[in-house]
Amino acid sequence: MRGVVRDNQPAGGYAGFGAGAAGAGQAAMWQQQQQAPQQYQQAPAATRALTIDDVVQKTAITLGVLIAAAAVSYGVIHQNVGLATPLMLIGMIGGLVLVLVASFGRKQDNPAIVLGYAVFEGVFVGAISFVIANFMVKDVSAGTLIGQAILATFGVFAGMLVVYKTGAIRVTPRFTRMMIAAMIGVLVLAVGNVIIALFSGGAGPLRDGGPLAIIFSLVCIGLAAFSFMLDFDSADRLIRAGAPSKAAWGIALGLTVTLVWLYIEILRLLSYLNSNN
């Protein structure tokens, strides 16, 4: 079983492209959110204004749906490993399409789209977590590896929230442009790695667990961590602009995209450090 999964590399190219695509989708969302305060200034006066409680509530709901979908996906694959790649593809493509629809269609505040994304991305997260934790590591149980990745993800989130609140790093237009450029760069590298993987039959140099793959994952983890700064800034801008409460769904979507990307990259890094190779 280990040999079959490793040879097919379902977690290599697809997950790598999925992570890069998530970064590109997040970049598109940031560009739209820069204009969101002006857009919401036309909201009816009777509309209840956005609060931090709205953001926390909608984000918790979105993450709850994602976690439930991930648990179901993980359980289904546990019963039939052959479903790993199909579910990974369905989740990745479905999630990316909905992020792009939300971004370019300016539907970030549509709860159906946000929760639909959570379902698709949950399916993807469950599938990639199963493959990485069960077939690409040694001497570490799947539960332990996934648990470490989850704790590290929320640890980074909490740390970046402190950095933002203390003003240690300021979100400026230049910072935003640099982050968007870096996201696009990651996407280009991820697509290039997938193409190499398809022709070479392996995982590609950025996802084969070697030194270059470790460096690439560290770069992605750093970008994902700093992405929270833009998410927090978007939330602050919308609250100050008096945006309607429904805008919390868009903030929840942005935070969820970033959390998923960070979790996958941390899980990958842990798998490299505990590789069967």
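The values are calculated or read from the model by the stated rules, or taken from the named source; none is laboratory data. Being a predicted model, the structure only gives us computed values, none of them experimental. Here the Cβ is made from the backbone with ideal geometry for all residues, glycine too, and neighbour counts use every protein chain on show. Side chains included, ligands, DNA and RNA excluded: accessible areas come from the protein's heavy atoms. Shrake-Rupley method; radii C 1.70, N 1.55, O 1.52, S 1.80 Å.
General observations
- Val119, sole failed condition from (1) within 17 Å of the chain's Cα centre (by Cα); (2) under 17 Å from Leu96 (Cα atoms); (3) open to solvent by less than 50 Å² (accessible area, probe 1.4 Å): (3)
- Every pair of residues 6+ apart whose Cβ atoms lie under 6 Å, when the first sits in segment 117-142 and is closer than 23 Å to Leu255 by Cα while the second is part of a helix (DSSP H, G or I) and polar (S, T, N, Q): Ala118/Thr62; Val123/Ser73; Gly126/Ser73; Ala127/Ser73
- Test result for Leu212, part of a helix (DSSP H, G or I) and free of Cβ contacts under 8 Å to residues at least 24 places away in the same chain: yes
- Per the conditions (1) open to solvent by less than 10 Å² (accessible area, probe 1.4 Å); (2) within 30 Å of Gly82 (Cα to Cα), the sole criterion not satisfied by Ser103 is (2).
- If you go through segment 239-259 and keep only what is open to solvent by 10 Å² or more (accessible area, probe 1.4 Å) and assigned to a helix (DSSP H, G or I), you end up with Ile239, Arg240, Ser245, Lys246, Trp249, Leu255, Leu259.
- Among the conditions (1) in a helix (DSSP H, G or I); (2) touching a helix residue (DSSP H, G or I) at 6+ places or on another chain (Cβ under 7 Å), Lys107 misses just one, which is (1).
- In segment 171-178 there is at least one residue that is among the aliphatic types (A, V, I, L, M) and in a helix (DSSP H, G or I).
- In the set Ala69, Ala49, Ala60, only one residue is in contact with a Gly (Cβ under 6 Å, 6 or more places away or on another chain), over 22 Å from Ala133 (Cβ atoms) and of a type outside the set (S, T, N, Q); that residue is Ala49.
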